[in-house]
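The values are calculated or read from the model by the stated rules, or taken from the named source; none is laboratory data. None of the values given here were measured: they were computed from a predicted structure. Quick reminder, even Gly has a Cβ in these numbers, built from the backbone with ideal geometry, and neighbours come from all protein chains shown. For the accessible areas, the whole protein counts, side chains as well, though only heavy atoms, and no ligand, DNA or RNA atoms are used. Shrake-Rupley method; radii C 1.70, N 1.55, O 1.52, S 1.80 Å.
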Amino acid sequence: MEKTLMQKATIFSTEFDFTSGEQKEILHYLQVNNYRLLGYKGASGPNQVSSGVPTWFSMPYVNMFGRFEIYYEPRYKVYVFNKGDITINTTITMHALSDEVSLGTKVVFNTDGSFHSDSVGSEEVITVYNSRPAGTSPITIGLAVKVNGQFLPFCAFTCAAQGTVSIQPDAKIALFAAQSNMTSGSVADHIINPGCSFMWNAKNTMFDLQMIPETYGIENVPGRLSVEPVSPGSSLLQLFNIF
């Protein structure tokens, strides 16, 4: 499904409307108290990092006003981080980043940090082979996907030298607001504050959301496509069926 959507250059979006008096008041509170909108996206495959999920995007509310939109395109690049031991305190850095890669491609990560496409595989999966010499330390491999014009990491897999990871992105998204200094790539294991989750797909390409007074949770605008609430303390690993 996602490969078809990519070929058609479908753009999915989420909009927050901060033009009403109530939403402006909430936005002001979030801005002066240094809140960020944190986004997470799911993926599946063996050897996925077990400590948490990389923060996909981290957007300061101080940069938002009026009608603020998040644009997502199912377009992918492979990234490599030169550490294999990923903990909650880790912030993943994309030390190497491939050119854009279609679902169904097999990619080789070369010892000099470059990439090349090897062959065609499963239509729903991007497979990456780590060609570094046997005995070298494990690395972290994942996918970055395009959001608001940038390719940002959303999943992480441990890969030994001469090993392979197979990554299947899914369309599940989770959002919540938090007073946090987490940036894109920061590994988190749970939802901090009330938020929401939803699925972008061919029929549901646009979600209209609003902030909830007092709790600063996130919900759909009444009468628009519905989203599921997520509670503080909920496991991101369980939410995305990683474990």
In whole angstrom, how far apart do the alpha carbon centroids of the range 18-53 and the range 83-137 sit? 27
Need one word for the range 71-171: rounded, prolate or oblate. Basis is the Cα gyration tensor (sqrt eigenvalues a ≥ b ≥ c); a/c below 1.5 gives rounded, then a/b vs b/c decides. oblate
Would you mind classifying the range 160-213 by shape? Square roots of the alpha carbon gyration tensor eigenvalues, ordered a ≥ b ≥ c; an a/c under 1.5 is rounded, otherwise it is prolate if a/b is larger than b/c and oblate if not. oblate
Computing the accessible area with a 1.4 Å probe over protein heavy atoms, can you report the carbon and sulfur percentage for the range 12-240? 47
Give, in nm to one decimal, the length gained when the segment between Thr205 and Asn148 is fully stretched (0.36 nm per residue of separation minus the Cα-Cα distance). 19.0 nm
When the label point is put 7 Å from the Cα of Ser13 along its Cα-to-beta-carbon vector, which residues of the range 53-82 have a backbone N closer than 17 Å? 64-74
The chain: angle of helix 21-32 to the longest principal axis, Cα-based, in degrees nearest 10: 50
Using only the Cα atoms of the range 3-94, build the gyration tensor, take square roots of its eigenvalues as a ≥ b ≥ c, and label the shape rounded, prolate or oblate: rounded if a/c is under 1.5, else prolate if a/b is larger than b/c, else oblate. oblate
At a Förster radius of 35 Å, what calculated FRET efficiency corresponds to the Cβ-Cβ distance of Asp85 and Glu123, to the nearest 0.05? 0.60
Average accessible surface area per residue within the range 12-240, 1.4 Å rolling probe, Å²: 43
